[in-house]
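Nothing in this text is a laboratory measurement; each read-out follows from the coordinates by a stated rule. Every value quoted in this text rests on a predicted model; they were computed, and no experiment measured them. Cβ coordinates were reconstructed from backbone atoms using ideal geometry, including for glycine residues, and neighbour counts include every protein chain displayed.
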Amino acid sequence: MIDALLAPGALAALVSVLMIDLVLAGDNAVAVGLAAAGLPPEQRRKAILWGLAAAVTMRIGFALITAQLLGVVGLLFAGGILLLWVCWKMWREMREQAEPEEAAAEAAMDSDPTTEPNAAVAARQPKTFRAAFIQILIADLSMSLDNVLAVAGAARQHPAIMVFGLVLSIALMGVAASFIARLLHRYRWIGYIGLVIVLYVALHMMWEGHRDIIRDLGRVDSYNAVVPGFMAIQPEAPVVVH
């Protein structure tokens, strides 16, 4: 791992992976807590437990097929677009009007029976366990895929860091998601830093992804003829066999 950190660009990739895992785990936890906020306390605890377990399971599943996902031409570009949507959603949630929702999610996820979600916010959430759990599963599926693609996009050239980031995302979701959600709610500047990093990764994924598509279509010459020089796709260096 030390050797991997000494590679050019490795430290920046590691910092990006850490922030991505942090903010997306917190965002996922808020989504789970908010979806369960309208349920009675007993059902709420069960929905949150099952929701976090589903998030961990989905992250494991996506992590196991990361190499195959990156091999699908166009998926990197599509993942970048998906992350742009995540950035917009995170930005909206971090604005002042999102604070009641975050507070309701935090109240739903803590173990203190004296704190209950805001009534107005809870009233807008599903009232049955099935409806809440379906909403949680949809959020888990989207955010787990986002997390894995973002880590893979940030550390694509550094396999050891990518593996570390995927394992960390699973661990954070499994043991510290509610704590991270409270941390991000209290220290909002952490979320803004993470948002900037996720935005950069999304744009980088779109940039690299569209170049992969051009190469796969065999349109490199046509592409280079119409774009500025700094955007031109250079031919890949031949592999030297010793």
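Counting only other residues whose beta carbon sits under 14 Å from that of A25, what net charge do I get with K and R as +1, D and E as -1? Don't skip to the end; give the middle numbers.
Working: positive: R59, R182; negative: D21, D27, D140, D146.
Result for the neighbourhood of A25: -2.
What percent of all Cα-Cα pairs in the stretch 146-242 falls into each 10 Å bin, going from 0 up to the bin containing the maximum distance?
13, 30, 30, 16, 11, 1
Could you tell me the largest-minus-smallest coordinate of the C-alpha atoms of the stretch 15-62 on each of the three principal axes, in descending order and whole angstroms?
If we take the Cα atoms of the stretch 15-62, the spans are 39, 20, 10 Å.
Give me the tail of P(r) for the stretch 1-86 as a percent: Cα-Cα pairs with distance above 22 Å. Intermediate values should be presented prior to the final figure.
Details: 1716 of 3655 pairs.
The share of Cα pairs beyond 22 Å in the stretch 1-86 comes to 47 percent.
Using r as the Cβ-Cβ distance of V163 and Y187, and R0 as 35 Å, what FRET efficiency do you calculate, to the nearest 0.05? Please list the in-between numbers first.
Working: r = 28 Å, r/R0 = 0.81.
Step by step, r from the Cβ atoms, then E = 0.80.
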